[in-house]
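Written below as structure tokens is the structure these notes are about.
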Ligand code: ADP
């Protein structure tokens, strides 16, 4: 039975068609520069039809990545009218993402009437954060009124790699894990026995690590300074753009958000590229160290996503000097593990250090099967 996974963004639609009997991918693809959603969906479903001998009607279910589930959705859900209207109410919390996810759900319903649709949330894995990790120290009344709290993102990826690490490390119920998703967006999670207890992204995906173009942690007074009519006097939109699209590795280096570019520029002696990478790995080290404390020790550390899977130098620099805390890399294994799964810690290392390629579509597919299994 075919199961379709969709990840609908502002200008792209990523899709993966699975065959659930064989448990394998039939077709994976991307439509980019999408301006007209309905037309893009026509194209998508025309393409898919050629891979479906029994037509679109044979699709058993469609699983969607939905970025924000708010407080209401702490697990994957079949999308019915109530769920759809609740998603629309949550939309202002993730104005750049959720409206596109919702449009994807509506376009799917237009093209394949009555197909079962399942929403899988990027925030859901973080629903287990304890109160102390959720709150910002601003007046509770205000945060409760406005829904301001740590939600956490990249949950689908953190859940996928932590599940995989649990089966590789075989550590049982209390395995203490730190998972580092280092892609264009970057986040770290602390996971105990498969449940997330802390994560670096917060109210929005802007908090935490240095990212490709996002600043991560910042003194909130910097924002006030940028907005100050007597100072920089930037508009809200300008500040938003500065912190989200012009900061991070791009802002620090002055020319690229891509770690590959910065690594080669550093080789050629570019001081800004070198500083940008140093700030990136230093921030990562601070998070790994603090989550080590949060967990009271670490059994496994996982690297994933574009940088985590492919950049041994970044992994090595982030962990340099942490040997006495139990993080001992095997330099050869680290160098050799690029784009594949592997263990990169020294055999004597108290913490097992793993590289696990993320596979968000597989997790959405598995969640979709699980949820429709419960509902049939
Ligand atoms: P997204 O978060 O958009 O899914 P990815 O997980 O694909 O992104 O990560 C993209 C980033 O990974 C790139 O911007 C680049 O910095 C980094 N990257 C990809 N391949 C390599 C590589 N071989 N070496 C170092 N960094 C890499």
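The values are calculated or read from the model by the stated rules, or taken from the named source; none is laboratory data. These numbers were taken from a predicted model, which means no experiment stands behind them. A quick note on method: Cβ atoms are made from the backbone with ideal geometry, for glycine too, and the neighbour counts reach across all protein chains shown.
For residue 227, the stated conditions do not hold, so it cannot be described as modelled with pLDDT of 95 or more, away from the ligand (no atom under 14 Å from the Cβ), buried (at least 17 other Cβ atoms within 10 Å of the Cβ) and over 20 Å from the mean Cα position of the chain (by Cα). Among the conditions (1) out of contact with any strand residue (DSSP E or B) (no Cβ under 8 Å at 6 or more places or on another chain); (2) buried (at least 23 other Cβ atoms within 10 Å of the Cβ), residue 67 misses just one, which is (1). Annotation note: Cβ proximity below 6 Å between a residue of the stretch 301-327 that is within 16 Å of residue 188 (Cβ to Cβ) and a residue that is assigned to a loop (DSSP other than H, G, I, E, B) and near the ligand (Cβ under 10 Å from one of its atoms) (sequence gap 6+ or interchain) occurs for 304/358; 305/183; 305/358; 306/183; 309/339; 309/357.
Taken over the stretch 306-335, the residue count meeting the criterion of being more than 9 Å from the ligand (Cβ to nearest atom) and in contact with a strand residue (DSSP E or B) (Cβ under 7 Å, 6 or more places away or on another chain) is 8. Screening residue 234 with (1) part of a loop (DSSP other than H, G, I, E, B); (2) away from the ligand (no atom under 16 Å from the Cβ); (3) crowded, with 19+ Cβ neighbours inside 10 Å; (4) without any contact (Cβ under 8 Å) to a residue 60 or more places away in the chain gives one miss only, at (3). Of all the criteria given as (1) surrounded by fewer than 15 Cβ atoms within 10 Å (Cβ to Cβ); (2) within 21 Å of residue 5 (Cβ to Cβ), the one not satisfied by residue 78 is (1).
Kindly evaluate residue 51 against the criterion of being over 21 Å from residue 363 (Cα atoms) and surrounded by fewer than 20 Cβ atoms within 10 Å (Cβ to Cβ). So residue 51 passes the test.
Regarding the stretch 314-328, can at least one residue be identified that is more than 25 Å from residue 193 (Cβ to Cβ) and surrounded by 19 or more Cβ atoms within 10 Å (Cβ to Cβ)? Yes: one or more hits. Highlighted here are the helices (runs of 4 or more DSSP H) found entirely within the stretch 105-210 that include at least 2 residues which are modelled with pLDDT of 95 or more and within 16 Å of the ligand (Cβ to nearest atom): 155-169. Among the residues examined, residue 298 qualifies as within 29 Å of residue 327 (Cα to Cα), more than 16 Å from the ligand (Cβ to nearest atom), in contact (Cβ under 8 Å) with a residue 24 or more places away in the chain and buried (at least 21 other Cβ atoms within 10 Å of the Cβ).
Exactly one residue out of 102, 59 is out of contact with any helix residue (DSSP H, G or I) (no Cβ under 6 Å at 6 or more places or on another chain) and surrounded by 15 or more Cβ atoms within 10 Å (Cβ to Cβ), and it is 59.
The numbered conditions (1) in contact with a helix residue (DSSP H, G or I) (Cβ under 9 Å, 6 or more places away or on another chain); (2) within 24 Å of residue 146 (Cα to Cα); (3) crowded, with 20+ Cβ neighbours inside 10 Å are all true for residue 6 except (2). Take the conditions touching a residue at least 24 places away in the same chain (Cβ under 8 Å), under 26 Å from residue 293 (Cα atoms) and more than 16 Å from the ligand (Cβ to nearest atom) and apply them to residue 216. Does it pass? Answer is no for this residue.
The set of residues from the stretch 239-273 being farther than 14 Å from residue 209 by Cβ, more than 11 Å from the ligand (Cβ to nearest atom) and either in a loop (DSSP other than H, G, I, E, B) or free of Cβ contacts under 8 Å to residues at least 12 places away in the same chain (or both) comprises 240, 241, 246, 254, 255, 266, 267, 268, 269, 270, 271.
In the stretch 274-293, of all residues being in contact (Cβ under 8 Å) with a residue 60 or more places away in the chain and out of contact with any helix residue (DSSP H, G or I) (no Cβ under 8 Å at 6 or more places or on another chain), the one that is farthest from the ligand (Cβ to nearest atom) corresponds to 291.
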